[in-house]
Structure formats: C-alpha cells, structure tokens
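The structure under discussion appears below in the form of structure tokens.
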Amino acid sequence: MSPTVRQRSKRMILDSIGVGLVGSTTPVFDIALRYCRLYSSVAVSSVYGKPGVKLSPTLAAFTNGVATHSMDFDDTWHPATHPSGAILPALLAASQMLPPNTKPNGLDFLLAFNVGLEVQGRLMHFSTEAHDIPKRFHPPSVVGTLGSAAATAKLLSLSSAQCCHALGIAASLAGAPMANAATQAKPLHVGNATRLGLEAALLAGRGMEANPLILDDIPGCSGFSAFYSVYQPKPLSAPGEHHEFLLEKQDIAFKRFPAHLGMHWVVDAALSVRNLFINYAGSFSPSLIRTIMLKIPVSKYINRPFPSSEHQARHSFQFNACAALLDGEVGLGSFSESSIHRQELRELLDKVVVEHPEDNVANFDKMYGEVALLLHSGDVLTGKCDTFYGHWRKPLSKESLLKKFRSNASHVLPEEKIEAIITLVDNLENLSDSSQLACTSGAPTTSLQEKFLHQQHIPNT
C-alpha cells in the first residue's frame, strides 16, 4: 500500500468511527441494540458509544453498521456507495473474535480494509448504471455486503477457494430497495451489509460452498448482474507487489453535516446566495423573497418538498436549501423535530420551485446545485456550487476532519478517550494488535494509550 492509500484509509477509518459514535445516540441505533442484546450468547465484540456492552461478532457488526449510517453522516465514494460503514464494523468485530495469539496487526487490518474497498469499487466500475445516483438497489446493501465478505475473509486468512465461496454466499445475502431510503430502515442496509458479509466469510471458512462464477455475466442465469441492468465484468490481473488500489486514484467524500451527499451541493449554493441577499437587503428577510428556485438533478427519493421526519429531511433538497437560507448553516440540530416543523421554515418551503436542467445529471462526479432567489422587487440573486468542501475534488483538510471527529465523538466519549482514538488510528500500521481499535468504544482510556506507548517504547509522560 502506498503512503497515499494508507493515509486515505486512516482518514476513512477515523471518520467512520466518529459518525458511528454520534450515531449511537439515535433512536434507530437503540432499536437495533435492544434487538441484538436479546440474541447475543457469545458476547466478545464492542459496541460504539456503549462502554462495557458487548455482543456476538456478527450482531456487533450489525449494530455498529446501523450506527454508522443512522444519520447519513458516513463517507461516500464514486461510483456511489458508502464504503467504510459496510466493512469497518465487520473488521472491528472479527478482530476481537480471534484468539489472542492470532490477532491481526494494524497493517493486516489496513490491507483487509482496502481489499473490502477494492471489491466494492471494482464491482461498481463494471456497471455504467452504478455511476449514477441509484434508483433500484441501495449500493452498500449490494457491493457493501461483498466488500465486507472480502475484507473479513482476508482478515481471517481464508484460502483462495474459501474467499471465492464467501463472495458467492454474500451475493445471496445482498440487496435492499431504494424505497426504504429516508426511513429508519435505511441504516439497516449498512448494518446488514457489514454483518452478512462477515457471516458469509465465517460460513465459507467452515466449508460452505457457493457458485464460483457468481460475479461473471452468464446469460440466462443471473449472478451479480441481477443487481445491475448494465453489468459487464472484465478479467482482472492478479495483484502483484506493486498493485495500485482504487483508493489511490479515487479519493472519498466526507460530509460536513448529516444528510444525503446530494444535499451538500444545494446547501453550499444556498449559503452563497444567502450572503448575496444579506449584502443586498442588510439582513435575511424572507418577506422580500417571492420564489426560491432550485436547479437540481432528477432523483425521486431526494426530491421531497415537505419532509415530515428527520430521515425525510436528510433526503430533501428543498429542506436543506431552506434550512441553510434561514439559519446560515446546517448541522446536527437542523434535523430535530422542532427544527423541521418551524413555521418560518415551512413558509420558505412553500416558496420553492424545482427545475431539472439537462446538464445537471444525477451523478456525484458531475452534478451541481443552484439556488436562485426571485425577489418581489424583480431582482434575482443566484448561488451555485459545482464542488462542495468535502467532495473528493475538494477534500476536507486534516484539521476539518479532526474537528468533525472530535465533535461527533464528544457526544459519547470524554476528551482523553477521543484523543486516544485519534492516536491509535494515526499509528494504525504500527499496532501489533489491531483489536485495540475495536476496544475504543469501551476500554479505559489509560489502557489504550499505555498499550500503544508500550509497543512504541515511548515514555508515557
């Protein structure tokens, strides 16, 4: 792995843990945790944000996956999927499951993480349909399940034949419909992806077999092609010593606020036009606005004129644009019940009109957001965003990513523990036991710091 791949991987891991920690404060996480605690007989794996609580490995992976996607705050790749949440919880749970003398080191963990990313990315690159905002299956429920199987198969040191069977088994466990977007069921897609991929690897490791041609395009007998109407797999050369991972060529988008990625374009466009409006009028005065024009791509599940729940609001171009206009920012508090149902916000939503320009395609690498304010005076003010801050073309700085992590983690962890996690992730490739990272949600802070410092022979001053 190149230094670029290692660094990008660690940014993804830190961000994913952070959004999982803040996600452990949500109602959908509580539902998932209560369910899993009923059925955890072999409780060895940690749960985000719940010190002292442990579950069986697969149920811990499921619960932490739900937490990661509970606010739609997790990372996004291109072609479109949420890659980290589908594989990291499975790897964390599996690392705690293994006997003490077989724990994978940090470099093994990073390699397994990138194997999971690679499988997701390669499968999506085989389909032109996968490059656009999805309409049928939620991508992490499809490629994420196979990515989790591949990552955990690598971490568990399965044979080549067993890895092949793990992918075949995972394909039979994959898939969730886009109709459940903007509901509490959507986080289950990521929870199931990471859990079922781990289960597929465990089953393959115990001798279960599946179709070894599941990823091929076989006419008349759909395998993975059942999930994509256009799927054209190509032979890949065996990875060698100088293999270039997809993460080297395609960076990740990190979200600044917890909502569907498409919302970030309209929010930045809305903030831009808001500044113009304040310079024009002296303050933000909604009564001066006749119409709010949004120019957005066609995507039914994120075109929601009047959202009535937090999950619908996270998937509404209209809501996010109006919240940014009214408040000058969008954050965790923007999606509370009281914020969603404010009268002044509803009055702004009544003024929204949507247009779908032909050049604004539903693709995270090509779309843009434009917000125009048509004033009663006849004047028109316009803000446009082609690339928001956090997109792979304009990555978050290290300082911004750390600020996001600290903010998210502070909802459930004390400051010293937050800093210990940052240290562990930053030095992940040097850890002799990667399961230490899995303990970050429950182990005492001093034990985490002292274990790492002892490995590095650094005085604990």
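The values are calculated or read from the model by the stated rules, or taken from the named source; none is laboratory data. Keep in mind that this is a model prediction, so the values were computed, not measured. Neighbour counts run over all protein chains shown; Cβ positions are idealised from the backbone, glycine included. The accessibility values were calculated without ligands, DNA or RNA, using every heavy atom of the protein model including side chains. Shrake-Rupley method; radii C 1.70, N 1.55, O 1.52, S 1.80 Å.
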Compactness of the range 3-100 - radius of gyration and Dmax, Cα, Å: 13.4, 43
Calculated FRET value between S2 and E209, using beta carbons and R₀ = 56 Å, to 0.05: 0.95
Hz values of 3J(HN,Hα) by residue in the range 311-327 - Karplus curve (6.51, -1.76, 1.60), Gly and Pro given as x: 6, 5, 5, 5, 10, 10, 4, 5, 4, 5, 5, 6, 5, 5, 5, 6, 9
Set K351/K398; K186/K234; K384/K404; K300/K404; K10/K234; K103/K234 screened for pairs whose C-alpha atoms are more than 27 Å apart: K351/K398; K186/K234; K300/K404; K10/K234; K103/K234
Pairs of Cα atoms farther than 20 Å apart, the range 167-248, %: 53 percent
Residues with amide H under 5 Å from that of V352, placed H, sequence gap 5 or more: I292
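What is the diffusion coefficient of the range 213-341 in µm²/s, taking the Kirkwood radius over Cα pairs and the Stokes-Einstein relation at 4 °C with a viscosity of 1.567 mPa s?
71 µm²/s
Using the heavy atoms of the protein chains and a 1.4 angstrom probe, tell me the accessible area per residue for the range 1-112 in square angstrom.
Each residue of the range 1-112 exposes 29 Å² on average to a 1.4 Å probe.
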Length-normalised contact order of the range 149-259 in % [C-alpha pairs under 8 Å, at least 6 apart]: 29 percent
Folded to 0 to 90 degrees: helix 3-23 orientation relative to the chain principal axis, Cα: 70 degrees
Among L117, V143, N101 - extreme Cα towards positive end, dipole of the range 94-166, charges at beta-carbon: N101
Over the range 206-280: Rg over Rh, Cα atoms, Kirkwood Rh: 1.24
Quotient of Cα Rg and 2.2 N^0.38 Å for the range 112-207, N being how many residues it contains: 1.05
Accessible area of S229 in the full protein assembly, 1.4 Å probe (Å², nearest 10): 90 Å²
Calculated log₁₀ intensity ratio I(q)/I(0) where the Debye formula runs over C-alpha points of the range 1-40, q = 0.16, 0.22, 0.27 Å⁻¹: -0.56, -0.71, -0.84
Heavy-atom accessible surface of the range 18-74: percent carbon and sulfur, 1.4 Å: 57 percent
Karplus-derived HN-Hα couplings along the range 165-172 (A = 6.51, B = -1.76, C = 1.60, θ = phi - 60°), whole Hz, x at Gly and Pro: 5, 4, 5, x, 5, 4, 4, 6
Rel. contact order, % - alpha carbon contacts under 8 angstrom, at least six apart, the range 216-353: 24 percent
The range 138-145 - phi-based ³J(HN,Hα) in whole Hz, Karplus 6.51/-1.76/1.60, Gly and Pro as x: 6, x, x, 6, 9, 5, x, 5
Rg(Cα) / (2.2 N^0.38 Å) computed for the range 350-414, rounded to two decimals: 1.64
Total formal charge among the other residues, if their Cβ is under 14 angstrom from that of D132, Lys/Arg +1 and Asp/Glu -1: +2
Dipole in debye (nearest 20) - the range 139-235, about Cα centre, beta carbon charges: Lys, Arg +1; Asp, Glu -1: 240 debye
Computed helical MRE - 222 nm, the chain, DSSP H runs ≥ 4 contributing -39500 (n - 2.57), nearest 500: -14500 deg cm²/dmol
The range 121-154 versus the range 380-394: alpha-carbon centroid distance in Å: 27 Å
Alpha carbon centroid spacing (whole Å) that separates the range 220-281 from the range 14-48: 26 Å
Calculated SAXS-style log₁₀ I(q)/I(0) at q = 0.12 Å⁻¹ - the range 267-322, Debye, Cα scatterers: -0.33
The range 260-403 - convex hull of alpha carbons, volume per residue in Å³: 112 Å³
Positive-pole candidate from S159, S336, L396, dipole of the chain, charges at beta carbon: S336
Folded to 0 to 90 degrees: helix 445-456 orientation relative to the chain principal axis, Cα: 60 degrees
Alpha carbon Rg of the chain, scaled by the compact-globule rule 2.2 N^0.38 Å: 0.99
